[in-house]
1. Full-extension gain between residue 45 and residue 123, please, as 0.36 nm times their residue separation minus the C-alpha to C-alpha distance.
2. How much mean residue ellipticity at 222 nm does the chain get from its helices, if each DSSP H run of length 4 or more adds -39500 (n - 2.57) and you divide by all residues, to the nearest 500 deg cm²/dmol?
3. What length, rounded to one decimal in nm, is gained on full extension from residue 158 through to residue 12, with 0.36 nm per residue of separation minus their alpha-carbon distance?
4. Please give the Cα centre distance for the range 28-81 versus the range 101-158, rounded to the nearest Å.
5. Under a Cβ-only charge scheme (Lys and Arg +1, Asp and Glu -1), can you give me the dipole magnitude of the range 19-75 about the Cα centre, in debye to the nearest 20?
6. Mind checking which of 92, 148, 137 is farthest towards the positive end of the chain's charge dipole, using Cβ charges of +1 (Lys, Arg) and -1 (Asp, Glu) about the Cα centre?
Amino acid sequence: MSVLDNVPDDDNDARFMRAALEEARAAAERDEVPVGAVVVLNDEIIARAGNRTIADCDPTAHAEVIALREASKRLGNYRLAGAELYVTIEPCAMCAGAMIQARIARLVYGAEDSKGGAVQSCFAVLDHPQLNHRVEVTAGILAEQAAAVLKDFFAARR
């Protein structure tokens with residue numbers, strides 16, 4: 001059991017969320033909003049990214065979108081059947097839409113985003129009844145650590 005987060009060390013969700021948190025912290029070091037994401041297929045990380053909106057001058061360069069792009073290129077297919085996306089904060093509407101297009105099987109996220117979350121906080125994009133793809137969702141994995149990374153980032157800028 002990890003003392004830091006009270007989650008068993010062999011818990012895959014916690015392990016992969018820790019990798020996403022590493023990406024978030026690396027983004028913060030680059031003065032990007034600290035969001036991190038990893039794409040996992042068959043218990044292996046196949047792509048990882050942190051936000052790059054500032055560095056790339058690209059409003060779509062969210063960690064989730066970059067990780068999905070990288071995973072798609074690696075697999076040679078934009079459909080990531082069976083893949084899981086781990087992200088430190090609840091995805092926005094754009095990222096939720098990208099998950100549907102990529103056919104992500106499961107989303108695991110840390111902290112909720114009360115100002116723009118599109119999974120359950122502000123919107124429920126993944127639950128629209130007319131969608132032809134469903135994404136399983138697990139929320140709250142290492143939520144306190146994920147929220148702290150964002151809180152510390154913005155507190156340092158005030």
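1. Gain on stretching residue 45 to residue 123: 25.3 nm.
2. Computed mean residue ellipticity for the chain: -11500 deg cm²/dmol.
3. Net length gain for the segment: 49.0 nm.
4. Taking the Cα centre of each part, the range 28-81 and the range 101-158 sit 15 Å apart.
5. 160
6. Final value for the positive-end residue is 92.
Taken together, the values in this text are just the output of simple stated rules run on the coordinates, not laboratory data. Note that the structure is a prediction, hence the values are computed from the model and not measured. Cβ atoms come from the backbone with ideal geometry, glycine included; neighbour counts cover every protein chain shown.
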